[in-house]
Every structure is written in C-alpha cells, then in structure tokens.
Amino acid sequence: MTTTPENITIPENRTRGCTHFIDVPLCRQETEYTCGVACLQSILGCYGFDYRQDELALILESKPKLGTDSGKMISFMKMIGFEASFIKNMSIDQLKSFIAYGITPMIQLQAWGDNGVDYASDWKDSHYVIACGYDGDRIFFMDPWTLGNYTYLTEEELLKRWHVPVIDFSRCSHCALIIKTEHFPFIYDPKAAKYLG
C-alpha cells in the first residue's frame, strides 16, 4: 500500500544558525531540461547576481534530454569568482554539515517519474535540486519543478533517489555540486521588498 506524503509547515523562525534552514530564491525551471539552470539561478540570486534562465542555458549549453552538465556549471562559477567543486559519495551527515555552515549543495536525484516508479532502481528521471535545510530526518530542497514551495524528502527516501547517470555514461551516487565564496556576501532576504525601477 502506498501512502501519500503529507504537506508540512516550515517554522517561521527558521534561521541559518538555529533550525538549519537557508532561504534561497524559489526559481521555477522554464523547460523540462533546465532544472540545473534554475538551481544555479537561485544560488546566484543569493549573492545578488541576476541572470535570466535563457542566458544561463545558453552559457551552460543545456540540451533537451541531457540537461545541464555539472562540469560546465563548475567552470562558469569559477570564471565569475566562486569556488566550485563536485563531490562524490557524500553522506547525509556531510550534506547537513554544508547546510549548517551556510552552504547549499546542489544535488542530482531521481524525481518526478511516472506514478509508482521505484526510484531506487530508476536512472532516467534525473533532476537537480538545492539542499537548503534539515529538520529531524527530513532534508528540505528548493525544487525548480515545484512552484512557490520548498519540498522535502526523508533521509531514507533521499538515499534511495540520490543517484544519476553522468555525461560519460558512468553512474554517480550521492554526488553534489558545492558552490561557495568568500568574495561575495550572501544578501538574499525573502522578506525584503525591492524598488520597482
């Protein structure tokens, strides 16, 4: 018997220091294959960089069926002054540690497949998300397929889904893009209103 996960409310008093949740811009992917682009747009927005998704998709050479190559994202972020790296075989504890330090790992997992898909053996529904919080046994994400809300998985569900094929046709489990900087301040504030220019 399958159960439908419940919607939950994230506490209003979340902060980086106390409940391990980092507000990031909620960006909606513009095409079926630009989830990586939307995640990168969100991370860039945290630091005040304003790129349209079509610009990023062109720069990163995103393609239907293949999506966006993590290597191109790393090269681009380094080119504009960020530190960027790709980590394989990351544990849940390592993922939480990055979040606790104010870093939002971008991960690829299996999601949004056909109803009833067994994500543990699925390799065709790859999707980028940003891990931006945790609470108990849940990990929270900015999911560019979901409009206007953060999403979550239990740690157990994440471990089943956290694998993808990569461009060279190999497979990668528990991989993450780590993007950080000491050069640019984290300025995103979801409660701030900006002047309409």
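Take the Cα gyration tensor of the stretch 97-197, multiply each eigenvalue by 5, square-root it, and list the three semi-axes largest first, rounded to whole angstrom.
Equivalent ellipsoid of the stretch 97-197: 27, 16, 14 Å, largest first.
Please report, in Å, the Rg and the Dmax of the chain, where both are computed over Cα atoms only.
16.1, 53
About its Cα centre, what dipole magnitude does the chain give when the only charges are +1 on Lys and Arg Cβ and -1 on Asp and Glu Cβ, stated in debye to the nearest 20?
For this selection, approximately 380 debye.
So how many Lys-Lys pairs in the chain land under 26 Å Cα to Cα, not counting same-chain pairs under 8 apart?
26
Excluding CYS27 itself, calculate the net charge of residues whose Cβ lies under 14 Å from the Cβ of CYS27, where each Lys or Arg counts +1 and each Asp or Glu counts -1.
-4
For the chain, what does the accessible surface come to per residue with a 1.4 Å probe? Please give it in Å².
Each residue of the chain exposes 58 Å² on average to a 1.4 Å probe.
Considering Cα pairs under 8 angstrom that are at least six residues apart, work out the relative contact order of the stretch 54-197 and quote it in whole percent.
Normalised by residue count, the contact order of the stretch 54-197 is 27 percent.
How much accessible area does PHE184 have with a 1.4 Å probe, in Å² rounded to the nearest 10?
60
Which residue, GLU155, GLU182, GLU61, has the most motion in a Gaussian network model of the chain that connects Cα atoms within less than 10 Å?
Checking each option, the largest mean-square fluctuation is seen for GLU182.
Starting from the stretch 61-128, pick out the chymotrypsin sites (Phe, Trp or Tyr not before Pro) whose DSSP state is loop and whose Cβ has at most 16 other Cβ atoms within 10 Å.
Answer by residue number: TYR101, TRP112, TRP123.
For the chain, which whole percent of the accessible surface, found with a 1.4 angstrom probe, sits on carbon and sulfur atoms?
Roughly 52 percent of what the probe reaches on the chain is carbon or sulfur.
When the dipole is taken about the Cα centre of the stretch 110-197, and only Lys, Arg (+1) and Asp, Glu (-1) are charged at their Cβ, what size is it in debye, to the nearest 20?
Using Cβ point charges on Lys, Arg, Asp and Glu, the stretch 110-197 gives about 340 debye.
The values are calculated or read from the model by the stated rules, or taken from the named source; none is laboratory data. Everything numeric here is computed off the predicted structure, so don't read it as measured data. Please note: Cβ atoms are built from the backbone with ideal geometry, for glycine as well, and neighbour counts cover all protein chains shown. Side chains are part of the model used for accessible areas, which takes the heavy atoms of the whole protein and leaves out ligands, DNA and RNA. Shrake-Rupley method; radii C 1.70, N 1.55, O 1.52, S 1.80 Å.
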